[in-house]
Amino acid sequence: MSSTRHPAPNREHHDAFCTSEQWRLVRGATGRPVRHHRTYELTLWDARVLRTRISRPVDGSTYSARTWGHILRNQLAVDATAFWRCVDDGVLPDRGAPVRAIPDHALPLYLVRALADLGVPESEVLGLDPAGAATLHADLLRRASEPATEPAAEQATERS
């Protein structure tokens with residue numbers, strides 16, 4: 001299972017992987033870590049829970065190829081490449097979490113709602129970038145707060 005680029009996998013590597021990926025150390029009923037194994041859990045984005053145990057002492061004791069294959073597949077749910085990238089370089093494995101793509105020029109929802117409340121058509125709002133939407137919102141608020149002015153001709157006739 002190990003390649004020529006990496007040493008034989010051992011308990012220290014296994015522990016380093018769990019620490020790098022921020023697995024949670026499981027505690028016993030008394031609230032203290034269990035003594036015979038170091039047990040870790042990782043809750044994934046899809047609510048699956050991975051669990052792995054490292055026999056004590058956590059040292060340089062190596063795993064057999066069969067045991068190591070089982071640990072990678074069934075406990076850590078990664079391949080050897082992802083494991084070693086995490087241990088050696090700190091690169092976390094891709095756990096398949098969905099990536100929400102947020103457009104570069106997305107408008108905040110509060111601004112979309114505020115413009116709609118001020119009577120701006122949705123088609124116009126969707127065509128704005130954040131700066132343009134903020135400027136339009138400020139202009140509309142300023143106009144709404146200004147006192148209504150009468151035309152100059154009407155003002156002149158009222159005075160006479």
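Brief remarks on what is shown
- Residue match in region 69-82 (condition: in contact with a Cys (Cβ under 7 Å, 6 or more places away or on another chain) and not in a loop (DSSP other than H, G, I, E, B)): no
- Within region 117-126, the residues that satisfy the criterion of being at pLDDT 90 or above and either part of a loop (DSSP other than H, G, I, E, B) or not acidic (D, E) (or both) are L118, G119, V120, P121, S123, V125.
- Within the option set L50, L72, being hydrophobic (A, V, I, L, M, F, W, C), under 15 Å from R95 (Cβ atoms), surrounded by 11 or more Cβ atoms within 10 Å (Cβ to Cβ) and touching a Leu at 6+ places or on another chain (Cβ under 8 Å) holds for one residue only, L50.
- For A80, the conditions (1) modelled with pLDDT of 95 or more; (2) exposed (fewer than 11 other Cβ atoms within 10 Å of the Cβ) all hold with the exception of (2).
- Of the residues making up region 94-110, not one is in the same structural domain as L128 (by TED's automatic domain parsing) and under 17 Å from L42 (Cα atoms).
- From the options Y63, Y40, residue that is buried (at least 17 other Cβ atoms within 10 Å of the Cβ), among the aromatic types (F, W, Y) and farther than 30 Å from V99 by Cα: Y63
- Taking (1) basic (K, R); (2) surrounded by 10 or more Cβ atoms within 10 Å (Cβ to Cβ); (3) outside any helix (DSSP H, G or I) in turn, R113 satisfies each apart from (3).
- Only a single criterion out of (1) touching a residue at least 40 places away in the same chain (Cβ under 8 Å); (2) in a strand (DSSP E or B); (3) of a type in the set (D, E) is not satisfied by E41, namely (1).
- Residue list for region 10-27, filter: in contact (Cβ under 8 Å) with a residue 60 or more places away in the chain and either of a type in the set (S, T, N, Q) or outside any helix (DSSP H, G or I) (or both): S20, E21
- Taking region 44-59 as the range and being outside any strand (DSSP E or B) and of a type outside the set (D, E) as the test, the residues that pass are L44, W45, A47, R48, R56, P57, V58.
The values are calculated or read from the model by the stated rules, or taken from the named source; none is laboratory data. Keep in mind that what you see is a predicted model, and the values were worked out from it rather than measured. Heads up, the Cβs are rebuilt from the backbone with ideal geometry, glycines too, and the neighbour counts pull from every protein chain shown.
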